[in-house]
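A.B. asks: Below is one structure. I have some questions about it.
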Amino acid sequence: MANPMDRQAVYEDYERARRTFHELLGAASEADLARPTHGTKWNNGQLLWHMLFGYMVVRALLVLVRTLGRLPRAAGKAFARLLDAGTVPFDRVNYAGPRGAVKVFGPRRMDAAFDRVLDSLLRRLASESEADLARGMHFPVRWDPFFEDFMTLADIYRYPTRHFDFHHRQLTLSGGDGHQGEG
């Protein structure tokens, strides 16, 4: 079995992301949220929702890994190839989702949702056995730059903060991220 997961490091990363997310939303004006980001086709509000969604999707990925991680690796690899073949429709949905979601989820709802999702993930992580954390499956590597060919549950718990930190650097908010309104 691989080395045990450093749960404390994951807890600390989640709490850092929580503080950062709340600070970013709390300091952002409507104009800030509407401003284009660096390197994406989204505005800041849409990218913030996408950053939240990175944590939301982990709940589904945990179920997927628990289920497919019990299958022979060849079956999991075939499933990952099938998903990779659907990258174009996935990319379209991934792009359109935040554009629509911010119309439903304003900053207040995003703030509250972030807390609910993180609290849920932290509770789940606390209850995971080391054997469960070592279970894994093959992933569609074309779907996300942070997906690896084979990922364990431990990797999945670490994924959303890597995703969050990457996109945080693309924000152009006037407070809290160092970009000072660049656009």
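The values are calculated or read from the model by the stated rules, or taken from the named source; none is laboratory data. These figures come from a predicted structure and were not determined experimentally. Counting neighbours? That spans all protein chains shown, and the Cβs are built from the backbone with ideal geometry, glycine included.
A.B. asks: Could you list, in sequence order, all residues of the stretch 93-127 that are at pLDDT 95 or above and of a type outside the set (Gly, Ala, Ser)?
C.D. replies: Scanning the stretch 93-127 gives 114, 115, 116, 117, 118, 119, 121, 122, 123, 124, 125.
A.B. asks: Report, by residue number, each residue of the stretch 133-164 that is buried (at least 16 other Cβ atoms within 10 Å of the Cβ) and among the charged types (D, E, K, R).
C.D. replies: Correct list: 135, 142, 144, 155, 158.
A.B. asks: Here is a list of conditions, (1) free of Cβ contacts under 8 Å to residues at least 12 places away in the same chain; (2) buried (at least 16 other Cβ atoms within 10 Å of the Cβ), and residue 68 meets all of them except one; can you say which number that is?
C.D. replies: (1)
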